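Written below as C-alpha cells is the structure these notes are about.
The values are calculated or read from the model by the stated rules, or taken from the named source; none is laboratory data. In this text the structure is predicted, and so the values were computed from the model without any measurement. Neighbour counts are summed over all protein chains in view; Cβ atoms, including those assigned to glycine, are modelled from backbone coordinates with ideal geometry. Heads up: the accessible areas ignore ligands, DNA and RNA and are worked out on the full protein's heavy atoms, side chains in. Shrake-Rupley method; radii C 1.70, N 1.55, O 1.52, S 1.80 Å.
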Amino acid sequence: MKILIPIKRVIDFNVRIRVKKDGSGVETANVKMSMNPFCEIAVEEAVRIKEAGKAEEIIAVAIGGRQCQDILRTALAMGADRAILIETDVEVQPLAIAKLLKATIEKESPGLAILGKQAIDGDNNQTGQMLSALLGWSQAAFASNIEFTDTGLEVTREVDGGLETIAIKLPAVVTTDLRLNEPRYVKLPNIMKARKKPLDVMTPQELGVDVAPSIDVLDIAEPPARAAGVKVADVNELVDKLRNEAKVI
Amino acid sequence: MSILVIAEHDNNVIKTSTLNTVAAASQLGDDVTLLVAGYHCESAAKSGAEIVGVDKVLHVEAAYYEHALAEELTALVVACCEGASHILAPGGTFGKNLLPRVAALLDVGMVSDIIEIESEDTFVRPIYAGNAMARVKSNDPVKVISVRATGFDAAASEGGQAGIEVINPAPPVGLASFVSREGAESERPELTSAKVVISGGRGFGSGENFKLLENIADKLGAAIGASRAAVDAGYVLNDYQVGQTGKIIAPDLYIAVGISGAIQHLAGMKESKVIVAINKDEEAPIFEVADYGLVADLFQALPTLSEALDKLD
Ligand SMILES: Cc1cc2nc3c(=O)[nH]c(=O)nc-3n(C[C@H](O)[C@H](O)[C@H](O)COP(=O)(O)OP(=O)(O)OC[C@H]3O[C@@H](n4cnc5c(N)ncnc54)[C@H](O)[C@@H]3O)c2cc1C
Ligand SMILES: Nc1ncnc2c1ncn2[C@@H]1O[C@H](COP(=O)(O)O)[C@@H](O)[C@H]1O
C-alpha cells in the first residue's frame with residue numbers, strides 16, 4: 001500500500017503573528033516558516049506505518065509556492081520516499097486543495113491519505129474531510145490512535161465528549177490530532193539522503209483543477225485587545241475583587 | 001431564504017452549542033429548519049421544536065445515525081438540503097467532522113467557525129489561533145458554515161412551537177461503524193457552557209494534584225479545563241483541553257492555574273469576561289490577558305483560596 005501525506009507550509013507555531021496595517025493580511029516577510037505541526041504528525045505516522053511493514057511507499061504532497069520544497073525535503077528526511085509539489089502562487093482554498101489531492105490520488109492510487117486535522121494559519125479544519133467526501137472514501141478525523149485490522153482501520157478520535165473509536169474500511173482519509181504521536185527529530189545524514197530523493201513539480205492546470213477561490217477575504221484585522229489587568233497581593237484581595245469589583249463569584 | 005441547522009445531540013438531549021447555532025441562523029433569516037437525525041431521538045426532536053427561532057424540525061430515525069458518523073449524516077444532509085441558502089452546524093468536533101463533507105459534495109467552499117454575521121454572505125472568523133480576524137464573503141450558491149458558540153448568545157431553549165416532520169433516512173453508506181466511546185462522566189457543568197471555568201496546567205505536576213482544582217471547582221460550581229501540557233502529561237482526559245485545538249470557551253470567569261499562557265492556549269479562553277491567573281512566574285504571558293493576576297505558588301494559593309471561599313456567604 002502507498003500512503004499519501006499532504007503537507008502545508010505555514011508560519012511557525014512559535015511566531016507571534018503581526019497583522020498588516022492595511023488589513024491585507026499578516027506579515028510574512030522575514031518570518032520563520034515551517035511544516036504545519038499537524039502535518040508533521042501525519043508524516044511521522046506514515047513513517048511508523050511503513051516501518052511496521054504495513055506500507056511500501058510514502059508520497060508527500062504540498063500545494064503552494066516554490067518555497068514549499070523546504071517542507072517537502074523535511075518530509076523526505078523524516079522518511080517519505082518521494083515528494084510532489086503542485087506549484088501555484090494563488091492562495092488555494094480547502095475545496096480546491098481537496099480537488100488537487102483527489103487528482104493526485106487518482107494518479108498514484110494510495111490506500112490511505114493522512115492529513116493534519118487543521119492548518120494553524122487558516123484554522124479551517126476542512127481539507128481532509130472534503131477530500132474523503134470527493135473520493136467517496138471513509139473518514140476518521142482528529143485521530144489519536146490508528147490500528148490496522150483485518151478489514152481496515154480502527155481509529156480513536158479526539159471528540160468534544162472524550163475519545164471515540166470507529167472502525168473504517170480502506171481506502172480512507174485520516175486526519176491527525178496532536179496526541180497521535182511525537183514526530184522524530186531529523187538527523188543530519190537523513191537530510192543529506194533526502195536531497196537525492198525524487199521531488200516532482202506539477203501545476204494545477206496539468207491536474208485540470210480550477211483553483212479560483214469562491215470565498216473572498218475582504219480584510220484581516222487585529223482582534224480587539226483586552227484592557228490591562230492588575231496584580232493582586234494575595235488570595236484575600238483576589239476573592240474580594242472577584243466578589244465586589246467583578247461580581248463574578 | 002431557508003436556513004438548515006444540523007442539531008448536535010446525544011439522542012436524548014440537544015447540546016447547548018445547537019442553541020448558539022440557532023441564534024446565528026436567526027440573524028440570517030426567519031425560515032430556520034432544524035435537522036434532528038439519530039436513533040431513538042424523539043426527545044431530542046421534541047426539545048428541538050421548543051427552541052425559540054426554530055420554525056420546523058425534521059426528525060429522522062435510523063440505527064446508523066445513532067453515533068453521528070460523518071459519512072451517513074452527510075448523505076442525509078445532502079438529500080434534504082434542497083432549497084437551503086445556508087447550512088449551519090455547531091463548530092465543535094461534531095460540525096467539523098460533518099460540514100466539510102457536505103460542502104465538498106455540494107461543490108461549494110465552507111466558512112469555519114464564524115463569530116459574527118455582517119450580512120447573508122459576509123462573516124467574521126478568527127484565524128491564526130484568534131490572533132487575527134478575517135472578514136470573508138462567500139460567493140457560493142449555498143453557504144456552509146460552522147458557528148463558534150462563543151460568538152452568539154444561546155437561543156432560548158423553551159418557548160418555541162415548531163412543527164415536527166418525520167422524514168425518511170437516506171440509504172446507509174456503510175463505510176464506517178462505531179466501536180466505543182470513552183468520556184469522563186461528570187457532575188460538573190459542561191466545559192463549553194459553564195459560567196465559571198478553572199483550568200490547570202503543567203504547574204500541577206501530577207493528576208493527583210488536580211484534586212486541589214476539583215475542590216475549588218466544586219465550591220464555585222465551575223467546570224474544569226486544562227492546558228495541552230496537562231492533557232499530554234496524562235493529568236486529565238483530552239476533552240478538558242482548552243485552546244486552538246481544544247475547546248474554545250468564553251465563561252464569565254476563567255481561572256488559569258499553573259498555565260503559562262501559550263498563544264495556543266489563549267486562543268481558547270481569551271474571550272472570557274473575567275480572567276484570573278495564578279502562576280509563580282511573574283513573567284508568564286498569561287498575565288498579559290489576566291484581569292487579576294496573582295503571583296504565587298499554586299500549592300499554597302489554592303488551599304488558601306478554598307478557605308476564603310468557605311468564608312463567603
Ligand atoms: C499546533 C499546536 C496546537 C496547540 N494547541 C494547544 C491547545 O489547544 N491548548 C493548549 O493549552 N496548548 C496547546 N498547544 C501547546 C502550547 O504551545 C503550550 O505548550 C501549552 O499550552 C503549555 O501548557 P502549560 O501552560 O500547562 O505548560 P508550561 O508552558 O510548561 O507552563 C507551566 C506554568 O506553570 C507555572 N508553574 C509551575 N509550577 C507552579 C507552581 N507550583 N505554582 C504556580 N505556577 C506554577 C510555570 O511558571 C509555568 O508558567 C499547542 C501547541 C501546538 C504546537
Ligand atoms: N496547501 C496545502 N498543501 C498540502 N496540503 C494541504 C494544504 N492545505 C491544507 N493541506 C492539508 O489539509 C490539512 C488541513 O488543512 P485545513 O483544512 O486548511 O485546516 C493540513 O494539515 C494538510 O494536511
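Condition check: modelled with pLDDT of 95 or more, within 7 Å of chain A (Cβ to nearest Cβ) and not in a strand (DSSP E or B). Does residue B:140 satisfy that? Spell out how you get there, then give the answer.
Details: modelled with pLDDT of 95 or more: yes; within 7 Å of chain A (Cβ to nearest Cβ): yes; not in a strand (DSSP E or B): yes.
Yes.
Of all the numbered requirements in (1) under 16 Å from the mean Cα position of the chain (by Cα); (2) within 8 Å of ligand 1 (Cβ to nearest atom); (3) at pLDDT 95 or above, residue B:245 misses one, and that requirement is (3). All conditions but one from (1) buried (at least 19 other Cβ atoms within 10 Å of the Cβ); (2) away from ligand 2 (no atom under 16 Å from the Cβ); (3) not in a helix (DSSP H, G or I) apply to residue B:206; the one that does not is (1).
State yes or no: is residue A:156 in a strand (DSSP E or B), under 30 Å from residue B:233 (Cβ atoms), open to solvent by less than 50 Å² (accessible area, probe 1.4 Å) and in contact (Cβ under 8 Å) with a residue 24 or more places away in the chain? No: the conditions fail for residue A:156. Assess whether residue A:115 counts as being at pLDDT below 95, closer than 17 Å to residue A:48 by Cα, within 14 Å of ligand 2 (Cβ to nearest atom) and open to solvent by less than 40 Å² (accessible area, probe 1.4 Å). Taking the combined requirement at face value, the residue does not satisfy it. Every condition in (1) more than 14 Å from the chain's Cα centre (by Cα); (2) more than 10 Å from ligand 1 (Cβ to nearest atom) is met by residue B:251 except one, and the failing one is (1). Among residues of the range B:74-122 being closer than 23 Å to residue A:211 by Cα and among the charged types (D, E, K, R), the one that is farthest from the chain's Cα centre (by Cα) is B:107.
Note on the range A:56-76: residues that are in contact with a Lys or Arg (Cβ under 7 Å, 6 or more places away or on another chain) and either open to solvent by less than 50 Å² (accessible area, probe 1.4 Å) or within 16 Å of ligand 1 (Cβ to nearest atom) (or both) amount to 8.
Looking only at the range A:102-118, decide whether some residue is closer than 15 Å to residue B:96 by Cα, assigned to a loop (DSSP other than H, G, I, E, B) and away from ligand 1 (no atom under 14 Å from the Cβ). Taking every residue of the range A:102-118 in turn, none turns out to be closer than 15 Å to residue B:96 by Cα, assigned to a loop (DSSP other than H, G, I, E, B) and away from ligand 1 (no atom under 14 Å from the Cβ). Selection within the range A:160-186: residues that are free of Cβ contacts under 8 Å to residues at least 12 places away in the same chain and in a loop (DSSP other than H, G, I, E, B). The member of this set that is most open to solvent (accessible area, probe 1.4 Å) is A:185. The residues on offer are A:145, A:124, and the sole one that is under 17 Å from the mean Cα position of the chain (by Cα) and within 7 Å of chain B (Cβ to nearest Cβ) is A:124.
Inside the range B:256-284, residues that are open to solvent by 10 Å² or more (accessible area, probe 1.4 Å), near ligand 1 (Cβ under 6 Å from one of its atoms) and part of a loop (DSSP other than H, G, I, E, B) make up a count of 5.
All of (1) surrounded by fewer than 22 Cβ atoms within 10 Å (Cβ to Cβ); (2) within 8 Å of ligand 2 (Cβ to nearest atom); (3) on the phi > 0 side of the Ramachandran plot hold for residue A:125 with one exception: (1).
Evaluated against (1) at the interface with chain B (Cβ under 7 Å from one of its Cβ atoms); (2) free of Cβ contacts under 8 Å to residues at least 24 places away in the same chain; (3) not hydrophobic (A, V, I, L, M, F, W, C), residue A:219 falls short on exactly one condition, (2). The residue of the range B:166-181 that is nearest to residue A:164 (Cα to Cα), among those that are open to solvent by 90 Å² or more (accessible area, probe 1.4 Å) and more than 7 Å from every other protein chain (Cβ to nearest Cβ), is B:171.
Looking only at the range B:33-44, decide whether some residue is in contact with a Pro (Cβ under 7 Å, 6 or more places away or on another chain) and open to solvent by 20 Å² or more (accessible area, probe 1.4 Å).
no
Take the residues of the range A:1-43 that are more than 9 Å from ligand 2 (Cβ to nearest atom) and in contact with a Lys or Arg (Cβ under 6 Å, 6 or more places away or on another chain): which is farthest from the other protein chains (Cβ to nearest Cβ)? Checking each candidate, the answer is A:33.
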